[in-house]
1. If I ask for residues that are touching a residue at least 60 places away in the same chain (Cβ under 8 Å) and either open to solvent by less than 20 Å² (accessible area, probe 1.4 Å) or under 28 Å from residue 253 (Cα atoms) (or both), which ones from segment 115-139 would you list?
2. Working only within segment 14-28, note down all residues that are open to solvent by 50 Å² or more (accessible area, probe 1.4 Å) and at pLDDT 95 or above.
3. Quick one: is residue 255 closer than 20 Å to residue 75 by Cα, open to solvent by 20 Å² or more (accessible area, probe 1.4 Å) and not in a strand (DSSP E or B)?
4. For segment 231-267, which residues satisfy the criterion of being basic (Lys, Arg) and under 20 Å from residue 142 (Cβ atoms)?
5. State which residue pairs qualify: first residue farther than 15 Å from residue 145 by Cα and inside segment 81-103, second residue among the β-branched types (Val, Ile, Thr) and at pLDDT below 95 in any location, beta carbons under 8 Å apart, and separation of 6 or more residues or different chains.
6. Please tell me if residue 158 is within 18 Å of the chain's Cα centre (by Cα), of a type in the set (A, V, I, L, M, F, W, C) and modelled with pLDDT under 95.
7. Among (1) surrounded by fewer than 17 Cβ atoms within 10 Å (Cβ to Cβ); (2) of a type in the set (A, V, I, L, M, F, W, C); (3) in a loop (DSSP other than H, G, I, E, B); (4) touching a residue at least 12 places away in the same chain (Cβ under 8 Å), there is one condition residue 196 misses while meeting the rest; what is its number?
Amino acid sequence: MKNLICISLFLSLLSFMNCQPEIKKWELSSPDGNLMIRLIHQQEKREDGPRLSYEVIMKTGEGDRSVLLPSELGIIIDADSLSENLHFLSEENEVEINESYDLVTGKKLHIQNTGYGKTVIFRDAKDRQLAIDLRIYNDGVGFRYRLPESGNDSLITVTGEITTFNVGKSGNAWIQPYDTVTTYTPAYEPFYGNRIPVGSHSPGQQGWAFPALFENNGIWILLTESNLGKNFYGAHLEPSAEDGEYRIRLPEKEEAMDTGPVEPTGS
């Protein structure tokens with residue numbers, strides 16, 4: 001009878017262990033080792049977090065501190081979320097970034113840009129691939145979505161993003177309200193909110209503009225976007241940020257000025 005109980009208990013433990021969601025993590029550290037971005041993927045959906053997320057951590061004399069708390073990743077293609085039912089496909093080796101270039105004007109003309117990069121590729125149930133490119137430097141991190149070539153000419157449309165930036169519940173923000181769309185706006189001319197509480201709702205329903213500056217317990221965070229091409233939109237942030245989690249918002253429909261949709265379409 002004791003053996004039977006032991007075997008039953010052992011099988012129950014195995015069953016419990018098999019039910020635990022598989023979680024994979026990839027970490028990339030800055031050249032000086034003081035900054036880290038962590039990509040997190042969990043195979044099964046849980047109630048306490050998204051399936052694909054990232055966080056940014058700073059190493060200090062007092063230990064590790066969160067710059068960005070776990071934040072969501074993913075885009076929506078043809079109204080179908082490319083964040084659910086993702087399976088890890090492959091990862092590329094970490095690469096060293098060493099760029100040198102000159103600016104036309106500014107406080108510092110010659111720029112030496114050093115850091116590290118890594119790419120992790122996922123695949124969804126429809127065999128579509130999503131690549132997450134990570135970049136990290138001594139003074140910042142970046143990421144982008146990339147849709148690897150699939151070998152066909154079918155067109156896809158990006159209709160939304162799941163991207164968030166979780167700066168935490170406390171702290172202050174220096175952030176600009178996004179303009180109501182008119183013939184001459186958005187012109188990025190409204191005054192910035194000066195040291196407003198993190199999570200404050202924007203004055204209008206259009207949300208907040210980039211760049212956005214935050215301070216949380218002595219850590220300063222500047223959010224912005226870069227490397228925008230003619231085939232993709234410039235985004236802004238949703239008007240509300242529950243618990244300090246700011247979410248990407250696509251351009252307002254009116255910004256296209258009746259020339260076409262704001263959602264980008266391509267192969």
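The values are calculated or read from the model by the stated rules, or taken from the named source; none is laboratory data. Predicted, not measured: the structure shown is a model, and the values here were computed from it. As a convention, Cβ positions derive from the backbone with ideal geometry for all residues, glycine included, and neighbour counts pool all protein chains shown. For the accessible areas, the whole protein counts, side chains as well, though only heavy atoms, and no ligand, DNA or RNA atoms are used. Shrake-Rupley method; radii C 1.70, N 1.55, O 1.52, S 1.80 Å.
1. 115, 117, 120, 122, 132, 134, 136
2. Result: 25, 27.
3. Here the answer is no, as residue 255 does not meet what is asked.
4. Selection gives 247, 249.
5. Close Cβ pairs satisfying both conditions: 99/111; 100/111; 101/111; 102/111; 103/111.
6. Yes: the conditions hold for residue 158.
7. Checking residue 196 against (1) surrounded by fewer than 17 Cβ atoms within 10 Å (Cβ to Cβ); (2) of a type in the set (A, V, I, L, M, F, W, C); (3) in a loop (DSSP other than H, G, I, E, B); (4) touching a residue at least 12 places away in the same chain (Cβ under 8 Å), the one that fails is (3).
This table checks each residue for (1) open to solvent by 30 Å² or more (accessible area, probe 1.4 Å); (2) touching a residue at least 40 places away in the same chain (Cβ under 8 Å); (3) part of a loop (DSSP other than H, G, I, E, B).
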position: 154; (1), (2), (3): yes, yes, yes
position: 158; (1), (2), (3): no, yes, no
position: 165; (1), (2), (3): no, yes, no
position: 180; (1), (2), (3): yes, no, yes
position: 186; (1), (2), (3): yes, yes, yes
position: 205; (1), (2), (3): yes, no, yes
position: 220; (1), (2), (3): yes, no, no
position: 243; (1), (2), (3): yes, yes, no
